[in-house]
Amino acid sequence: MADIQLLRTFLTVYRSGTFTRAAQELHLTQPAVSQQMRALEGQVGKPLFRRASRGVTPTAAGRELAQSVATHVDALEGALDTSTGALDAIGETVHIGGPEEFLSELVLPELLPRVEDGLRVRMFFGTDLPIVAKLAAGELDLAILTADLRQRGIETQQLCFEYLELVGTPKWRERLGILEEGPAGALALQGVPIAAYDEDLPLVREYWQTVFASTELLRGTLVANGLRACLQFARRDAGITVLPMHTAAPAIEAGDLVRLIDPIARPSSMLYLAWRSGSLRRASLARVHEAIRSAAEAW
């Protein structure tokens, strides 16, 4: 049976992607990490990682082992965290995934005081499906999702509403004139180039359905898995886009973009906070979870 130290080292390598970064996080030498992984592979009877010049990638056996042990190892580390403070002495790393703009603009500022106290943060930017896959595999500790993708071993809770704005340059407002709510507004926007977040166009679809009572024939001229590209598309007068208010606000304040319609009911999209079942027994992770949840009450 593998001991906790071997499994802890394995998960650190698995999550960091390199023996070098894992050694730094664990305060070990790289040869020591390599030796522990050879020992664990000997016990498992299968290779756990494929070595490459720029790091390592898990084998099927490695991914299966991570999914099996991550929650349990995290819980044991949580017991150390609360009873002896041993982990606090060497610092703690929390891996968080989600939309780049939301994590950078809203989540990161809430974590900075804890970073000053020794917390280490690793962020992975992406859309829901790859984020959930990494969370389930133990590569992430927390995730911000745009849909409630709860599954076995993953818990979610509603975090906050993300209010949406339909924006374009002042020139586009002049071209379009006064937009009406309802199907007439959707008709007026047919053929207008639009930048959309993600292949399923979740923000655009939510806006069109709420404001224009229509989602027929929606297509993105530009589709990107990040909001920054959509923002730049609109700022450069290439077309219009739907953005969360926290992303659009600076450009609106600068006068680069304007709201193209001021609907009676502001469209919104719910965001969710997700984590692996049982992982909040880690006191340090529970504190980060609570910090994000509490801050979201004002977002």
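Points worth noting:
- Environment charge at R293 (Cβ cut-off 15 Å; Lys +1, Arg +1, Asp -1, Glu -1): -3
- Viscosity 1.567 mPa s, 4 °C: Kirkwood-radius Stokes-Einstein D of the range 1-70 over Cα pairs, µm²/s: 111 µm²/s
- Around R21: net Lys/Arg minus Asp/Glu count, Cβ-Cβ under 12 Å: +3
- For the pair the range 92-132 and the range 237-277, the centres of their Cα atoms are 20 angstrom apart.
- Cα lying deepest toward the dipole's positive end in the chain, options A274, T169, V13, charges on Cβ: V13
- Adding -39500 (n - 2.57) for every DSSP H run of four residues or longer, then dividing by how many residues the chain holds, sets the calculated 222 nm ellipticity at -13500 deg cm²/dmol.
- For D148, the shell of other residues with beta-carbons less than 11 Å away shows a net charge of -1, using +1 for Lys and Arg and -1 for Asp and Glu.
- The label-point distance for D200 and T221, in a model that sets each label 7 Å from Cα toward Cβ, rounds to 2.6 nm.
- Kirkwood radius, the chain, all distinct C-alpha pairs, inverse of mean reciprocal distance: 21.2 Å.
- Segment D148..T59, full-extension length gain: 29.2 nm, with 0.36 nm per residue of separation and the alpha-carbon distance subtracted.
- The chain: DSSP helices with Cα axial extent of at least 30 Å and average Kyte-Doolittle hydropathy no lower than -0.5: 60-83
- Taking the Cα centre of the chain as origin and assigning +1 to Lys and Arg Cβ atoms and -1 to Asp and Glu Cβ atoms, the resulting dipole is close to 1040 debye.
- Cα gyration tensor shape for the range 162-266, rounded if a/c is under 1.5, else prolate or oblate: rounded
- Cα pair count fraction exceeding 16 Å, expressed as % - the range 146-205: 62 percent
- Contact order relative to length of the range 183-293, as percent, for alpha carbon pairs under 8 angstrom and 6 or more apart: 25 percent
No lab work stands behind these numbers, since they all come straight from the coordinates. Owing to the predicted nature of the structure, the values given are computational and were not obtained by experimental measurement. All Cβ positions, even for glycine, are placed from backbone atoms using ideal geometry, and neighbour counts span all protein chains on display.
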